[in-house]
Amino acid sequence: MYSYALIFSILGLGLGFATGYFSRNKIITEKQKEIEEKISVSRREAESKAKEALLEAKNEALKMQDEVKREEQERRGQLEKVENRLMEKEEVLDKKIETVDRSREDLELKVQSLKKLREEVEEIYEMQKTQLEKVATLSKEEAKGLLMKKVEEESKEEILAQIEKSEKNLKEEMEEKARNIIAEAVQKYAAETAMESTATIVTLPNDEMKGRIIGREGRNINTFEQITGIDVIVDDTPGSIVISGYDLVRRYIAKVALEKLVADGRIHPARIEEVVQKSKEEVNTMMKELGEKAVYDTGVAGLHPNLVKILGRLKFRVSYGQNVLKHSMEVAYLAASLASELGADVNLCKKGGLLHDIGKAVDHEIQGHHALIGRDILRKFGLSEEVIHIVEAHHNHVKPKSIEALIVQAANAISISRPGAHTDNLDNYIKRLEELENVANSFSGVDKSYAIQAGREVRVFVSSEQVDDLGAIRLARDITKKIENDLQYPGLIKVDVIREKRGVAYAA
């Protein structure tokens, strides 16, 4: 029973397996058919779309081909037009080149003909010149000189009249303007005219003090003179002694020290040395203060403190009896006033005027002219080239290149030329007059000359046979140039050349 049941079960299983197998194969086969149908449908649709896309692409390609052909035709047409224009221009240029070539040939022919004509004219000119020289027995230079001399003689009166008229008008106009400007500048600044001397008087309380100053066997006075470098003059003048020396700094130190010794009463070599040293320190401080005061009074700013101290030393420097610090301040004021009238740089003129004589503070220690020494000092302290040029040019060691330099020159001349500004010894005065007369007498045709008005004017008398009226004018200018080149002088010098013709007759 059991075996039958097992066999039936196995048969049932095999039958079920076979049934399931065939059913599954049938389902798979149906699905494959469906898939193949779908694939075929999709393929047909894809082929249909591809054909449509291909047709569209062909249509687009045809359209683009048509457009390209149309554009190519248009460009070809434009190129043909451009080519035609170029051909026309080329033809025009060819015609122009032909015209230019013909013109060039014509010009070359004309140039050649002109050269031939020029050569012929030069040959004729040389022949004429040679013949004229043979006839006249004169060279070209001699004939030219003779012609010029003849023209000058014939037109001498007219030339002299024109020169005199022009000089007179120009001189009157120039003097009028100069007087107005200088008068206005000078009236704005009034300065004292007291002269500096080389000696200082020290007042004593009594004559016994003279003996104490001299000391036993003169040891006090000898020590004092040795330390200060100043001479002490003890004479019979009651209640005073004189200290003398050309160095104002030393002389002032000696004056201060001597007054302190007199007030203290203790006078001996050690005390003298101590007091003189203290006085030197006080004077150094005072020089700095004097420089600062000068800078403040003139309104000049931006100077180095050491340069201000050097400026203060000018208080103890004298030039022809004129205190140099006062003179420098005066030049600064006058230059500023002139600059304001002439439209120049007022501050630059003021600074240049104040510092123009800065070299005189050390010119006894350094070799050279004070203008060039001052230039080196200002350059050391880093001042501007404009100020340095004013200083180096104020005595014409360098030609003035700016209106400010000329203004400071004029202000300097006004300051040193005003009444009472300068004093000079007799020897220098006579020497200057002799130099002026010698310069005038060095020219041919001069009979005699006289320097008058303290050397401000030179009157030159010439021979009327050797010098004519036009020659007198030339001689005055030549003498002026020689004075400017050879001599040193303050202010202006007037040169008068006098020519006279006397008619003399005798009644018998």
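The values are calculated or read from the model by the stated rules, or taken from the named source; none is laboratory data. Everything quoted here is computed from the prediction, not taken from an experiment. Virtual Cβ from ideal backbone geometry, glycine too; neighbours counted across all protein chains shown.
One table, with the values for the structure above:
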{"quantity": "Of all residues in the range 290-302 being under 14 Å from residue 330 (Cα atoms) and within 26 Å of the chain's Cα centre (by Cα), the one that is surrounded by the fewest Cβ atoms within 10 Å (Cβ to Cβ)", "calculated": "299"}
{"quantity": "Complete set of residues in the range 261-279 that are crowded, with 16+ Cβ neighbours inside 10 Å and either without any contact (Cβ under 8 Å) to a residue 60 or more places away in the chain or in contact with a Ser or Thr (Cβ under 7 Å, 6 or more places away or on another chain) (or both)", "calculated": "261, 267, 271, 272, 275, 276, 279"}
{"quantity": "In the range 218-249, the residues that are modelled with pLDDT of 80 or more, out of contact with any Asp or Glu (no Cβ under 7 Å at 6 or more places or on another chain) and among the charged types (D, E, K, R)", "calculated": "219"}
{"quantity": "Residue ID - nearest to residue 411 (Cα to Cα), chosen from residues in the range 442-501 that are part of a helix (DSSP H, G or I) and of a type in the set (Lys, Arg)", "calculated": "481"}
{"quantity": "Members of the range 303-340 that are aromatic (Phe, Trp, Tyr) and surrounded by 20 or more Cβ atoms within 10 Å (Cβ to Cβ)", "calculated": "316, 333"}
{"quantity": "Among the candidates 120, 158, residue that is farther than 30 Å from residue 251 by Cα, at pLDDT below 70 and not polar (S, T, N, Q)", "calculated": "158"}
{"quantity": "Helices (runs of 4 or more DSSP H) enclosed by the range 308-402 - at least 1 residues per element that are at pLDDT 85 or above and over 19 Å from the mean Cα position of the chain (by Cα)", "calculated": "324-342, 346-355, 370-380"}
{"quantity": "Residue 346 vs. criteria over 14 Å from residue 248 (Cβ atoms), hydrophobic (A, V, I, L, M, F, W, C) and assigned by TED's automatic domain parsing to the domain that holds residue 247", "calculated": "yes"}
